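Please read the structure below before turning to the comments.
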Amino acid sequence: MATEAFEELVEDFEFLDDWEDRYRHVIDQGKAMVPLDEAFKVPATKVHGCASQVWLQPKIENGVFQFDGDSDALIVRGLIAVLRALYNGVPVAQVGQVDARAELGRLGLNEHLSAQRSNGVRSMIERINEVALAAA
C-alpha cells in the first residue's frame, strides 16, 4: 500500500542508475520541503533515536494522516520527505498497515543507509505509527 506520491518517487528512482544519483535525489526532495516553523521544533515533536536533530509535526484532518518535518542534516531531511510521500494522505486507521521497510526497499534505501540512518528512519516510522494509533 503506497500513496500516489510515493509511487511517483519509485518511478523517479527507476530512472536513476546508481546510488549516488539516488542519494542526491533524496537530498533534493528534502531541499524542496518547506522548512518546519521554529515554533514546532520543541521537545514534544523531537524524534529520539536519530543521530541528527529531527522533528515531526503530525496533523490529522478528516481522518487523514499528514505530517511535516525537518532536520539539521540534509540527507535526513530528504528521508523525511520520502516518509512524507509514503504516509501523507493515508487514512489514519491504515497508517499502521503500511509496510515501510518493504516500501523503502523498493527505493533501495534499506541497503544503502548507514546503521545510524536506518535507526533514525525506524524511530521516525515508530513515531508516525504511535501518533496514528493514538488518533485512530
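Data table
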read-out: DSSP H segments from the chain that extend 18 Å or more along their own axis, Cα-based, with Kyte-Doolittle mean of 1.6 or above; value: 74-87
read-out: Selected from Pro91, Pro43, Pro35 as most flexible by GNM, with the chain as the system and alpha-carbon contacts under 10 Å; value: Pro43
read-out: Computed over the chain, the ratio Rg/Rh where both radii use C-alpha atoms and Rh is Kirkwood; value: 0.93
read-out: Pair Asn88, Asp17: separation of 7 Å Cα→Cβ label points (nm); value: 3.2 nm
read-out: Lys/Arg +1, Asp/Glu -1 at C-beta; the chain dipole; positive extreme among Ala44, Ala85, Gln116; value: Ala44
read-out: Residues whose placed amide H lies under 5 Å from that of Gln57, excluding near-sequence neighbours; value: Asp68, Gly69
read-out: Listed residues Ser114, Ser123, Ser52, most fluctuating in the chain (Gaussian network, C-alpha, under 10 Å); value: Ser114
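Every number here is computed from the coordinates shown, using simple stated rules; none is lab data. Computed from a predicted model, the values in this text were never measured in an experiment. All Cβ positions, glycine included, derive from the backbone under ideal geometry; neighbour counts span all protein chains shown.
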